[in-house]
Every structure is written in C-alpha cells, then in structure tokens.
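Presented below is the structure to which this report refers.
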Amino acid sequence: MSPAIRCLAGLLTVAGTGAAAQAACPIELAVYGDATSGSEIDFSPTGTSAAVTNSFRLILDNNVVLDGIAMWTDGPTARPHGSLMYKCPTGDATGQELAACTLWEGVVYSADDKGVVGLLPAEGAQAPQSLLFPNLGPSLEMSAAHGGNGFSKVPPDIFTMKGCQE
C-alpha cells in the first residue's frame with residue numbers, strides 16, 4: 001500500500017467513528033454528514049437508469065442543494081465517477097450546459113470502520129462508514145454558487161455516516 005493510501009486510510013479511520021448506529025444500511029438509504037460545515041449527503045434510490053449507479057444530493061448551508069450522481073466507468077480500471085451539479089437545465093441539455101452547472105467531478109472513494117479504502121459501492125451494497133470526494137472543498141469554494149446568495153460554509157472532502165433513512 002502506498003504512503004498516500006495509508007495516510008488516506010488513517011484519516012478515514014479517524015473520521016469513521018460510531019459505526020454501531022449504521023449497521024446494515026444499504027447505500028441508497030445512507031445519510032452522511034460533516035460536523036465542521038454542517039453539510040449532509042443524502043443518497044436515494046436511482047430508479048431505472050441504466051447508466052447511473054448512485055443518486056444523492058449534497059445539502060449545504062443557505063439551503064443550497066447540489067444534485068449528485070455516480071456512474072461506473074467500463075474496463076479493467078472501472079471506477080465510480082461522481083458529479084455534483086447545481087441548477088442544471090432539465091430535459092435535453094447540451095454538453096456545454098452540463099459542464100457549466102457541474103461544480104465537482106471525480107472518483108468517489110469509501111472506507112470502512114477499520115480504515116480499509118475502497119470505491120463507492122453501487123446500490124444494494126451495504127453503506128460504507130466514510131466517503132471521500134477528493135478536492136471537493138476547493139472545487140466548491142471556486143464555484144459560482146459559493147458566496148453571495150449561495151453557500152458560505154465549504155465542506156471538507158470526507159463525510160462520515162450519520163444514519164439510514166427509513
């Protein structure tokens with residue numbers, strides 16, 4: 001294991017306390033939070049989408065809600081590619097319109113209560129103790145939704161499981 005992955009595992013282990021309350025929660029019902037900014041990630045069932053493997057939303061301060069999805073890439077290095085979007089057009093949107101409303105993109109990592117790092121599981125799997133969205137904070141801080149009438153508290157990259165929706 002590389003030093004960077006060991007460091008990440010250690011950080012996620014520290015972030016991942018209180019696992020007893022989240023036993024046997026499927027990822028599509030999991031709720032994650034961050035105590036520093038008060039941000040929350042709520043997963044929801046994806047429905048019938050063939051491409052989207054996870055649906056979620058990131059709730060920031062000032063009632064700013066970012067819509068999130070994860071889609072697994074193909075091939076031997078398949079990964080859950082996540083995107084967080086803000087006020088995207090509905091219906092047929094161009095690639096340029098989607099790029100303009102996408103505030104963060106990247107691989108979504110997970111960690112269990114022992115700090116073992118993995119990838120965001122698809123629906124049906126047990127929710128991991130922690131999630132890591134690399135470079136989320138800096139990406140959101142540089143976005144048009146930050147400041148003014150948008151959100152003011154920037155979340156960190158690591159979220160820990162708070163509970164399970166019923």
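The values are calculated or read from the model by the stated rules, or taken from the named source; none is laboratory data. This structure is a prediction, so every number in the text was calculated from the model and none was measured. Neighbour counts are summed over all protein chains in view; Cβ atoms, including those assigned to glycine, are modelled from backbone coordinates with ideal geometry. For the accessible areas, the whole protein counts, side chains as well, though only heavy atoms, and no ligand, DNA or RNA atoms are used. Shrake-Rupley method; radii C 1.70, N 1.55, O 1.52, S 1.80 Å.
Quick notes
- Among residues of region 22-53, those that are under 15 Å from Gly68 (Cβ atoms), among the polar types (S, T, N, Q) and either at pLDDT below 95 or open to solvent by 10 Å² or more (accessible area, probe 1.4 Å) (or both), counted: 4
- Put simply, of Gly106, Gly124, Gly137, Gly150 the only residue that is under 18 Å from Asn62 (Cα atoms), surrounded by fewer than 21 Cβ atoms within 10 Å (Cβ to Cβ), in contact with a Pro (Cβ under 7 Å, 6 or more places away or on another chain) and not polar (S, T, N, Q) is Gly137.
- All positions within region 34-79 that are in a loop (DSSP other than H, G, I, E, B) and among the basic types (Lys, Arg): Arg79
- Of the residues examined, Ala145 is not one that is under 18 Å from Ala70 (Cβ atoms), aliphatic (A, V, I, L, M), open to solvent by less than 60 Å² (accessible area, probe 1.4 Å) and modelled with pLDDT under 95.
- Residue among Glu105, Glu97, Glu166 that alone is assigned to a strand (DSSP E or B) and acidic (Asp, Glu): Glu105
- Close pairs (8 angstrom Cβ cut-off, 6 or more residues apart or separate chains): in contact (Cβ under 8 Å) with a residue 60 or more places away in the chain and closer than 21 Å to Ser152 by Cα in region 32-58, part of a strand (DSSP E or B) and open to solvent by 60 Å² or more (accessible area, probe 1.4 Å) anywhere: Tyr32/Lys162; Gly33/Lys162; Glu40/Lys162; Ile41/Arg57; Asp42/Arg57
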